[in-house]
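Scroll down for the structure; my scribbles are underneath it.
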Amino acid sequence: SDFGGAIEVEKIVKEHHPEYDTRVTILGHIQRGGTPSSFDRILASGLGYQAVKGLYEGQRGVMVGSVNRTIVFTPFTQSIKHHKTFNHELKNIAEILSA
């Protein structure tokens, strides 16, 4: 499997921009656990595409994310200012279900 073309995109970026340190990470496996769903694959493809496009367009100091199913760039300075509270009840439920 080529993970949605991520490895090919990495090769192209390395070829044209050897100054970038590139790595391919399969986020669906890391962040969500389990086998990626079709939604995971579409989301990952869109995020990856926009991240590479953003680099080519000069985006710096931002993260790529999804807000209300729209892919957006958020400055790192803004993202670390807005902390969400941790839901301990969901953690407890997850621990019970995974036992």
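The values are calculated or read from the model by the stated rules, or taken from the named source; none is laboratory data. Just so you know, these numbers come straight off a predicted model, no measurement behind them. Cβ coordinates were reconstructed from backbone atoms using ideal geometry, including for glycine residues, and neighbour counts include every protein chain displayed.
So, in region 1-34, exactly how many residues are more than 20 Å from residue 57 (Cα to Cα), among the β-branched types (Val, Ile, Thr) and either in a helix (DSSP H, G or I) or at pLDDT 80 or above (or both)?
Matching residues across region 1-34 total 3.
Can you tell me which residue is modelled with the lowest pLDDT among those in region 44-92 that are touching a Pro at 6+ places or on another chain (Cβ under 9 Å) and surrounded by 12 or more Cβ atoms within 10 Å (Cβ to Cβ)?
44
Looking at region 41-57, I want the residues that are within 18 Å of residue 68 (Cβ to Cβ) and without any contact (Cβ under 8 Å) to a residue 40 or more places away in the chain and have a partner that is outside any helix (DSSP H, G or I) and among the hydrophobic types (A, V, I, L, M, F, W, C) with Cβ atoms under 6 Å, at least 6 apart or on another chain. Which pairs are those?
Correct list of pairs: 46/71; 47/64; 50/64; 50/71.
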